[in-house]
Structures are given as structure tokens and as C-alpha cells.
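Trainee: Attaching a single structure in C-alpha cells format; questions to follow.
The values are calculated or read from the model by the stated rules, or taken from the named source; none is laboratory data. Quantities reported herein were computed from a predicted structural model and do not represent experimental measurements. Here the Cβ is made from the backbone with ideal geometry for all residues, glycine too, and neighbour counts use every protein chain on show. To get the accessible areas, we keep the full protein, side chains included, count just its heavy atoms, and leave off ligands, DNA and RNA. Shrake-Rupley method; radii C 1.70, N 1.55, O 1.52, S 1.80 Å.
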Amino acid sequence: MTPPVPPPPRGALAALRARLAPRALLAQLSLLSLLVLIPPLAACDDAVAPVRERQIFVEVDPDDLPISGAFAPAGAEAQGGGAQELPSARVLVPAGDTDKTVPIRGEVELGVLLFNQEGDMVSGEAVEFEILDDAGEATLTAARTVTDASGYARVTFYAGPDVRPYRVGARHAQARRAVEFSVSAEDLPAGDLSVRFDYQGPVALDQVEVYLVSQPTWCDSPYYLSPPDDVVLSQNGLALNDAFLARGLLAGSRYAVVVRARTQALGVLAAAGCTGDIRINEDETRSVTVSLLLLPLDPSGRYDILNHYDFTDAIPGSVGQVVEGLVRFFGDANHEREIGGLIFDAVEALAREAAGSIGGLVIDLIRNWVEDDLNRLINEYIDNDGPDWMRDFFTIGSDLISVVSNMEVISDMTLSKARSDGTFEGSQSWIGLAFYWRLGCQGSPDPACGRHPFTMNDLVEGGNNINLVFGQFTGRLHSYNQGVINLHTMDLQYGRLVMFLLNNLLLPRVANGATSLSQALLNLANCPSFANRLTGGRDYLRLGGINVVRRSTIEGWCTTAMSAAGSAAGLIIGGLEVDTRMDLQGEMVFVEETDDLTVDKVAEGRWWGAIRTAQETAPPFSGDFAGERQPRAVNP
């Protein structure tokens, strides 16, 4: 069962309780107030902080402000028994009690929080720790540590074998005052605690964090998005097969152990577990195993999605067969030209007609040997060695077919928060489309060369009874970050979209104002220029010194061919104008990057489905999609 993740208790992360003296005066101060109050204590503010602000609760002894110069910050000199006042760019405060009691040879964590003058926690800055008196055999795990993302810096203090008090100081180079801890090592009954981890989930985990908490009931209402308060000891960077060992804990004490773990892939919080009410027995090592469960991601929000659909084999009926043949001849963004295969198809049909099945078998055998090489040779000639007009011809044909066979869609996807069983609702609205016209892009390194985007508003406002494309669906989140979109239906009006885009938006842009395929091919082919290039500017095409054909005749052939090709393509696409519906389902991977269990991206999306008319359903198509969460609206 997935562990619950309730809302954080008020002030749980930022609350600081530092008891500096028995004569303490309770002052509830916001952090900005604390900055103003130093050195004199000016006022108290009991107002409730807004949700996004932090409140600090500090028990302050007026005699302790400023802290004695016995451990002054770098650059400060003790004068007359007090620390020199310096401009403060940082504020250093204790994270918890400053009075600690440990058994001899025991250990305890000492931590501080670092803020700037605006009250924000400061990460990535060094804090120095030092045992101020004669250390004896007592040690610290480090003399300098760096604050984490929450502005927290910590060391572990290991007491020596003697019953005695210790003073440990913490300072930051830009903080006006240092922090001083009092640690009393006493001859008390003690025991040890060993913690191991159990995890059976599908996501690879690493960087295990362990927190020994002085609140034995912490697990009754766990909150895993931030480290817990009242930490006695902690350790991070552990592997799942490592053990956490705490020595010299006071016998009879009760604790909770909080464990968090991160993904190997991105290093973000993904799993957690907790075991509470752990009693330490004298001269014993208490062994505890904490079970880690994956934390639920929250996919709710709006996403900008880029979709690609491959409709090559998905157009119903005889029109789809023609499109498939044209794709094999011209190629498109997802398919190479298969002119060699088309040649073999024609030869095989003739052979079967002339010699029956044996003739077809012979052609099949030859085909298996040479078809791939023949396709490669033809494509290399067209792309590398053929004349410019030939490359342009195939580029134009490929782009025309790509308009029909491939579609790039920009959509707005909205997802709800997942329920306890992982199910959610969603919707997708197409807000734009993009098509590619790559004539003139040969040799360009820009993958977006020739890209022409359009908004759905362009299409709807242009008429032709085109409606917005919208669909609603249900889905499921499982295995931490795996998303499933269930089968649903979208009214596509595919043919109308393609025809309107070609005649009203795409062709006028790329074909000198053309509003039909025939006119576009004539404009792009420029038959007079083509005939002039072919004849070298002469009145005749000459081969071997012989006038073969007049230039005007070549121009007429070109015009007839382009007009016929455009009319044929128009008829093919026009056959798609029947209303169609798209049955669609998909899967995706949710990506969380900000350590808040909120999905930031959708990746590795895959669509599959079928286009159908009232009469028939086409073979299935496929597609891909990915996108990012839109920024959340901020209330003024």
C-alpha cells in the first residue's frame, strides 16, 4: 500500500525551537523581524504567516544577544567581552535544541539553518564547526559542511569516554553571530540501533536518506516532501543494501526512523518509509527494517504536447492504397523511396501473366537478392547525382504526400490528479498543426527548415465547416511514473483539414500564391525554365547532333504532366473529405524533476489507433508525443 502523503503541518519545515537558557523569553518572530531585532529585541509579531512564508519560533534570552565573543565569526574581534558588530548578509540559527545530552561514546547530530536577509534559505554555502574546548577524544564528522537545498548544514558529534561537558560552535563567514551548542556526555545506560531497508518496487532507487527522529509518533502522520524536524542523527547517500548504525543512544529512549530514497535516473524523491516507537534497550543493538514504498506522483495540470501521427497505412479504402503507393514512390519523412520495389512489383505482375506462378517465383528469388541494392542505387542517384529538376520533383512529391501521410499536431492536454488507485481523467485539444515543405532546404542543417505551423483558429475561421478537434479520456498512473491513456474517440475531419491547409494556407505560402495542387505544381516546376534548361536555351533538344524535340513541345509535356499530377493528387486528397473519427489510445512516462512529486514533463509518449468512416475502418496507425507542464497560474 502506498504510504500517505498528507499536507505538511503548519510551519513543520521552517519551525526552529532553540532553547538558549532557562530564563528564556518566548518571542514569536518572522525571519524578517528577527533580522531587524538584532542586536536589540524590538517587537513580537503574532500574525499568521501566508502559506508560502515561513515562521520561526525562537525562545530568546535577551542576555544571549549578541552571542559572546568566545566564538566570533570570521573577521570579528572580541572587544570588552562582546563580539564586534558587523554588517550581516546572512543569518545563522540552530535547527533544534542547542542543549544536548549523550551517553559517553555516544553521538548526536548538530545542525544549523542559513538564511539571507530576505528570509530565504541559502544553499551551497560553507558552515564551519569546531569543538571549542579541549576536545579530548571527542570528534566531529567534518570541520566544514555545505548547506543543502533547505539551507541546512549538519555534523555528527562523537563523545569521548569521559563524563564532561563540551561546547561546539558553528559559524558562517557572513553571519553576524555564531551558534553554540552545549553537549553533556554522561555515564548513562545506552544501546545501539541498526536500520536496514526493504524495497521491492519497479523503479531503480539510490541515494537513501535516513533520519532518526526524537518523536516516536512521527509515523502517525508522515510528510515526506521535506526532511523531518527534531532529527537526532541522519545520514544520506546510502545504497539500498547498506545499513544505518546509530551508537550510544540513551537506553529507554523512543525514536522514529524516517527513510527517503531517490531515483537512480534523475536523483529525485521517489520512495519513502517510516518505522516509529522504537525503544532502545541497554547494551543491545536494536535491529529495524524499514519498508520503502513508491510515493504517488501528481500528474494534474496542463501540458503543451507535440504529437506526430503516421497515417501512411491508416487511410481507409482505395484512396489509402493509392497513398501507400505514392509514399513508396516519393518517400516521406518516415519512409524511404522504394522505386526498386515498385519496379519489381510491375515486373512480377508481367511475369506471372506471361509464365504463371513459376515466372513470379523466379522474380521473387531475384528480388530477394537485389531489391535493397537497387533501391539504394536509385535513391543515391536521385539525391546525389541526378539533375536539380529531378531532386526538386521528388522533394515536391514527398512533401505533398507527407501532408497526407504525416501530421505534426500541437495540443493542449489537461490531466486531473490521480486517485488512490491511480486512475485519472484527461482531455486533449488540438491548438495547432505544422507541415513541412522542404523545397529549397537541401543542405540546410536546420531540422525545422521548411516548417509551416498553423493554429486551429486559422482553420476554423477559414470556413469549410472545420470544427475544433477535442477528445476526453480516462487514464491510469502505475509503477510510479508509467501513464496509460485509455481508448477514446476524437472527431477528426482529416480530409477537410488537409484540403483546407493545402489550398488556403500552405500552397499560397510556398507556391507563389497557388490555391490548388495543379496550379502549385505548375508554379513550382516552372515549365518554361525547365524546357530552357533541358535544351540549353536552344529551340530543340539535340542528341548526337540531331534535333530530337522542340523546346515548346517539352514545355507542353511538362505543363500537361504537372497539371495531371496535381489533379490526380487533388482527387486523392479530395477523397478524404468524408467525415472521419479517430479511435486513439496511448502510453507515456511521467517525469518529475523538482523533488515535489509533481509531474514536470511527459516523455516517451506513444499513440496507436485507427481512422474510421461510417463505412469502414482502416488499418492501425501509430504516433508519438511528448511535452512539458505549463506554468501554474499565480493568483495576484
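Trainee: Collect the residues in the stretch 134-160 that are charged (D, E, K, R) and touching a Pro at 6+ places or on another chain (Cβ under 8 Å), keeping them in residue-number order.
Mentor: Going through the stretch 134-160, the residues charged (D, E, K, R) turn out to be 134, 137, 144, 148, 154.
Correct list: GLU137 only.
Trainee: Quickly run through the stretch 396-435 and pick out the residues that are among the β-branched types (Val, Ile, Thr) and at pLDDT 65 or above.
Mentor: Across the stretch 396-435, the qualifying residues are VAL409, ILE410, THR414, THR423, ILE431.
Trainee: Follow-up question, since we're still on this one. Can you name every residue in the stretch 538-574 that is at pLDDT 65 or above, among the hydrophobic types (A, V, I, L, M, F, W, C) and open to solvent by 70 Å² or more (accessible area, probe 1.4 Å)?
Mentor: LEU543, ILE546, VAL548, TRP557
Trainee: Would the stretch 126-145 turn up any residue that is open to solvent by less than 30 Å² (accessible area, probe 1.4 Å) and farther than 30 Å from ARG254 by Cα?
Mentor: Yes - at least one qualifying residue is present in the stretch 126-145.
Trainee: Mind checking whether some residue in the stretch 223-234 is within 18 Å of LEU292 (Cβ to Cβ) and assigned to a strand (DSSP E or B)?
Mentor: Yes, the conditions are met somewhere in the stretch 223-234.
Trainee: Further question: Please count how many residues of the stretch 208-252 are surrounded by fewer than 18 Cβ atoms within 10 Å (Cβ to Cβ), on the phi > 0 side of the Ramachandran plot and touching a residue at least 40 places away in the same chain (Cβ under 8 Å).
Mentor: Total meeting the criteria: 2.
Trainee: Across the stretch 147-176, which residue is farthest from VAL102 (Cα to Cα) among those that are open to solvent by less than 60 Å² (accessible area, probe 1.4 Å) and of a type in the set (Gly, Ala, Ser)?
Mentor: Ranking the qualifying residues of the stretch 147-176, first place goes to ALA175.
Trainee: Please pick out the residue among ASP596, ASP583 that is in contact with a His (Cβ under 9 Å, 6 or more places away or on another chain), modelled with pLDDT under 95 and either open to solvent by 10 Å² or more (accessible area, probe 1.4 Å) or assigned to a loop (DSSP other than H, G, I, E, B) (or both).
Mentor: Just one listed residue meets the conditions, ASP583.
Trainee: With respect to the numbered conditions (1) farther than 21 Å from ASP596 by Cβ; (2) free of Cβ contacts under 8 Å to residues at least 60 places away in the same chain; (3) charged (D, E, K, R), which one is the sole condition not fulfilled by ARG260?
Mentor: Of everything listed in (1) farther than 21 Å from ASP596 by Cβ; (2) free of Cβ contacts under 8 Å to residues at least 60 places away in the same chain; (3) charged (D, E, K, R), ARG260 misses just condition (1).
Trainee: Give just the number: which of (1) farther than 26 Å from GLY151 by Cβ; (2) under 32 Å from the mean Cα position of the chain (by Cα); (3) part of a loop (DSSP other than H, G, I, E, B) does PHE197 not satisfy?
Mentor: Failing condition for PHE197: (3).
Trainee: Additional query: Please find, within the stretch 277-326, the residue that is modelled with the lowest pLDDT out of those that are among the aliphatic types (A, V, I, L, M) and farther than 30 Å from PHE244 by Cα.
Mentor: VAL319
Trainee: Looking at the structure I just gave you, is ALA175 touching a Lys or Arg at 6+ places or on another chain (Cβ under 9 Å) and among the aliphatic types (A, V, I, L, M)? Spell out the reasoning first.
Mentor: Details: touching a Lys or Arg at 6+ places or on another chain (Cβ under 9 Å): yes; among the aliphatic types (A, V, I, L, M): yes.
Yes.
Trainee: Within the set of pairs 6+ apart or on separate chains, which have a first residue in the stretch 546-561 that is part of a strand (DSSP E or B), a second that is exposed (fewer than 13 other Cβ atoms within 10 Å of the Cβ), and C-beta atoms under 7 Å apart?
Mentor: ARG550/ASP539
Trainee: With the requirement that a residue be part of a helix (DSSP H, G or I), closer than 21 Å to ASN406 by Cβ and modelled with pLDDT under 70, what does the stretch 436-466 give you?
Mentor: Kept after step one, since they are part of a helix (DSSP H, G or I), are these residues of the stretch 436-466: 456-461.
Checking which are closer than 21 Å to ASN406 by Cβ leaves us with 456, 458-459.
Those that are part of a helix (DSSP H, G or I), closer than 21 Å to ASN406 by Cβ and modelled with pLDDT under 70: ASP458, LEU459.
Trainee: Another one. Name the pairs whose Cβ atoms lie under 6 Å apart, with the first residue in the stretch 131-156 and of a type in the set (Val, Ile, Thr), the second open to solvent by 60 Å² or more (accessible area, probe 1.4 Å) and outside any loop (DSSP other than H, G, I, E, B), and 6 or more positions between them or separate chains?
Mentor: That search, which allows pairs on different chains as well, returns THR139/TYR158.
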